[in-house]
1. Does any residue of the range 147-170 turn out to be under 14 Å from the mean Cα position of the chain (by Cα) and not polar (S, T, N, Q)?
2. Would you be able to tell me the number of residues in the range 173-212 that are touching a helix residue (DSSP H, G or I) at 6+ places or on another chain (Cβ under 8 Å) and free of Cβ contacts under 8 Å to residues at least 24 places away in the same chain?
3. Of the residues Asn44, Asn55, which single one is more than 19 Å from Gly140 (Cα to Cα) and surrounded by 17 or more Cβ atoms within 10 Å (Cβ to Cβ)?
4. Taking the range 47-71, which residues are touching a residue at least 24 places away in the same chain (Cβ under 8 Å), in contact with a helix residue (DSSP H, G or I) (Cβ under 6 Å, 6 or more places away or on another chain) and not aliphatic (A, V, I, L, M)?
5. Within the range 102-122, restricting attention to residues that are of a type outside the set (Asp, Glu) and crowded, with 23+ Cβ neighbours inside 10 Å, which residue is farthest from Val251 (Cα to Cα)?
6. Scan Gln130, Gln157, Gln163 and give me the residue that is over 24 Å from His60 (Cα atoms), polar (S, T, N, Q) and touching a residue at least 24 places away in the same chain (Cβ under 8 Å).
7. Hey, any hits in the range 74-81 for a residue that's more than 23 Å from Pro202 (Cα to Cα), crowded, with 17+ Cβ neighbours inside 10 Å, under 18 Å from the mean Cα position of the chain (by Cα) and of a type in the set (Gly, Ala, Ser)?
8. Go through the residues of the range 78-92 one by one and say whether even a single one is under 22 Å from Tyr247 (Cα atoms), among the aliphatic types (A, V, I, L, M), modelled with pLDDT of 95 or more and out of contact with any strand residue (DSSP E or B) (no Cβ under 8 Å at 6 or more places or on another chain).
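The values are calculated or read from the model by the stated rules, or taken from the named source; none is laboratory data. Model, not experiment: these values are computed from the prediction. Note that each Cβ is placed from the backbone with ideal geometry, even for glycine, and that neighbours are counted across all protein chains shown.
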Amino acid sequence: MKLMTYNILNGGGDRLGLIAKIINESSPDFLTINEANGFDENHNKKLKDLSHATNMPYYHLALSGEYDYHVAVLSKLPLKHIDELHPMMRAGISVVLDSDIGEISIIGAHLTPYSESLRLPEINLLITNQRGHANRILMGDMNSLSKNDNYSHSIVQYFNEPQLKQFTKNENLQFEIIEAIEASDYVDAAVELGRQSENTLPASSNKDIAHANTRLDYIFVSPSLKSKLAGYSVIKNELTEQASDHYPVLVELRLRSMQ
């Protein structure tokens with residue numbers, strides 16, 4: 001089973017064809033789209049077009065709590081149960097899939113970029129939603145740094161004012177969100193497979209030269225799925241350099257055939 005999370009930058013604009021091509025080259029079974037701006041317009045036309053272009057017939061869209069930063073999930077597998085998670089400044093979607101190993105709970109989410117303190121109630125909401133599920137996957141743009149990535153304090157000099165508020169407090173880097181996730185019995189797929197040094201942004205299409213290399217896009221799994229982690233990659237090529245400011249993240253789980 002392949003899982004992908006992709007922040008497509010302001011709804012993709014005229015890059016949606018390129019984005020669909022990138023998705024098809026990896027052929028994920030389940031996809032989280034962050035910044036699905038405009039996907040609700042014209043009866044979800046952009047979402048339906050992407051579903052058709054990527055052969056992912058099952059989908060759902062959660063509207064952003066502020067502005068237009070919606071979250072969409074698309075799947076090749078039927079969505080047995082769907083919850084939109086509120087309140088969130090961006091958005092989150094919780095779904096349940098059937099599999100040969102039992103139900104799998106998957107959350108696709110986009111946490112607020114403003115500050116760690118504002119993200120804490122959001123991540124607690126997501127974690128609470130998945131309690132009671134043995135098989136859990138939590139994925140998306142967490143807008144947070146991980147202590148496992150061994151950032152040098154000197155990275156702070158590359159932050160602009162919004163990024164200082166997003167990632168620091170009293171000039172110190174903040175790691176509470178990712179620590180809270182891991183403390184709630186989740187495994188960071190990148191760390192487990194030794195790939196946490198790979199940044200997920202900025203791609204070359206990001207014109208913000210103040211944005212330092214960071215890993216903000218994550219896929220976490222429950223301990224029950226840890227031994228099934230078979231691959232992790234941040235997809236970097238000529239297409240992904242131009243399609244968004246974030247790179248897509250892909251994780252493969254070695255499961256038996258899905259129903």
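1. Checking the range 147-170: not a single residue is under 14 Å from the mean Cα position of the chain (by Cα) and not polar (S, T, N, Q).
2. Going through the range 173-212 one residue at a time, the tally reaches 0.
3. Selected residue: Asn44, the only one of Asn44, Asn55 that is more than 19 Å from Gly140 (Cα to Cα) and surrounded by 17 or more Cβ atoms within 10 Å (Cβ to Cβ).
4. If the condition is that a residue be touching a residue at least 24 places away in the same chain (Cβ under 8 Å), in contact with a helix residue (DSSP H, G or I) (Cβ under 6 Å, 6 or more places away or on another chain) and not aliphatic (A, V, I, L, M), then Thr54 is the only one that fits.
5. Residue satisfying both the conditions and the ranking: Arg119.
6. Of Gln130, Gln157, Gln163, the one residue that is over 24 Å from His60 (Cα atoms), polar (S, T, N, Q) and touching a residue at least 24 places away in the same chain (Cβ under 8 Å) is Gln163.
7. Within the range 74-81 (the criterion being more than 23 Å from Pro202 (Cα to Cα), crowded, with 17+ Cβ neighbours inside 10 Å, under 18 Å from the mean Cα position of the chain (by Cα) and of a type in the set (Gly, Ala, Ser)), the answer is yes, since at least one residue qualifies.
8. No, the range 78-92 contains no residue that is under 22 Å from Tyr247 (Cα atoms), among the aliphatic types (A, V, I, L, M), modelled with pLDDT of 95 or more and out of contact with any strand residue (DSSP E or B) (no Cβ under 8 Å at 6 or more places or on another chain).
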